[in-house]
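Report on the structure given below.
The values are calculated or read from the model by the stated rules, or taken from the named source; none is laboratory data. Source: prediction; values computed, not measured. Every residue, glycine as well, gets a Cβ built from its backbone with ideal geometry; the counts of neighbours run over all protein chains shown. Areas reflect the complete protein model, heavy atoms only, side chains present, ligands, DNA and RNA absent. Shrake-Rupley method; radii C 1.70, N 1.55, O 1.52, S 1.80 Å.
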Amino acid sequence: MFKKALCILGVTLLAGCEVPIMIAAAQNQGEMTGMMEITFPASMIVQFDDGTEEVLNGQLIGHANGSAKFNVAGPNWGTCAGSVTRDGVSTMACDGGVNITTNVGKQRPKMSGVNVATGVALGTNYKSGFGWGNNGNEASVRAAIAAI
């Protein structure tokens, strides 16, 4: 009887926690797509020192522990798949042969945001921004890149 009562209490508490998370996700253009995952719109811009840039759009699937997976696509690089660990290591591989690994710093779960980074790819220095949720649009990402 005690185990049954604990089980009922656990299910009730978990169900109660899910509603505020669903509301917060919806307020940030996200949708619950798993027990601990939310899918958000995402946008990434990579600006190279030679004046070229790639604009990629797609989605980010965030996990409650701060890690995430993403898929974005751009006109030159094709489809790119990547991930970010909760420790901040971001890797991305694109159909067009572009592969980027960078560290964006320790991650905590956020419903919206923009991560910025600098580095070298394709033999050229770059600045990049990756936005998701309410910040998953080109204007927010461009503003974040301009600030670095």
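Per-structure values
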| item | result |
| --- | --- |
| Condition check for THR33: in contact (Cβ under 8 Å) with a residue 24 or more places away in the chain and part of a strand (DSSP E or B) | yes |
| Tally, over region 102-127, of residues that are more than 20 Å from THR52 (Cβ to Cβ) and not aliphatic (A, V, I, L, M) | 10 |
| Scan of region 55-80 for residues that are under 20 Å from GLY119 (Cα atoms) and open to solvent by 50 Å² or more (accessible area, probe 1.4 Å), ordered by number | ASN76 |
| Selection within region 66-96 - outside any strand (DSSP E or B) and farther than 22 Å from ILE38 by Cα | PRO75, ASN76, TRP77, ASP95, GLY96 |
| When residues of region 97-117 are limited to those that are at pLDDT 90 or above, part of a loop (DSSP other than H, G, I, E, B) and not hydrophobic (A, V, I, L, M, F, W, C), the one nearest to VAL46 (Cα to Cα) | GLY97 |
| In region 18-38, residue surrounded by the fewest Cβ atoms within 10 Å (Cβ to Cβ) [restricted to those that are of a type in the set (Val, Ile, Thr) and modelled with pLDDT of 85 or more] | THR33 |
| Verdict on GLY30 being more than 21 Å from ALA121 (Cα to Cα) and not hydroxyl-bearing (Ser, Thr, Tyr) | yes |
| Of all residues making up region 36-56, the number that are within 13 Å of the chain's Cα centre (by Cα) and free of Cβ contacts under 8 Å to residues at least 40 places away in the same chain | 3 |
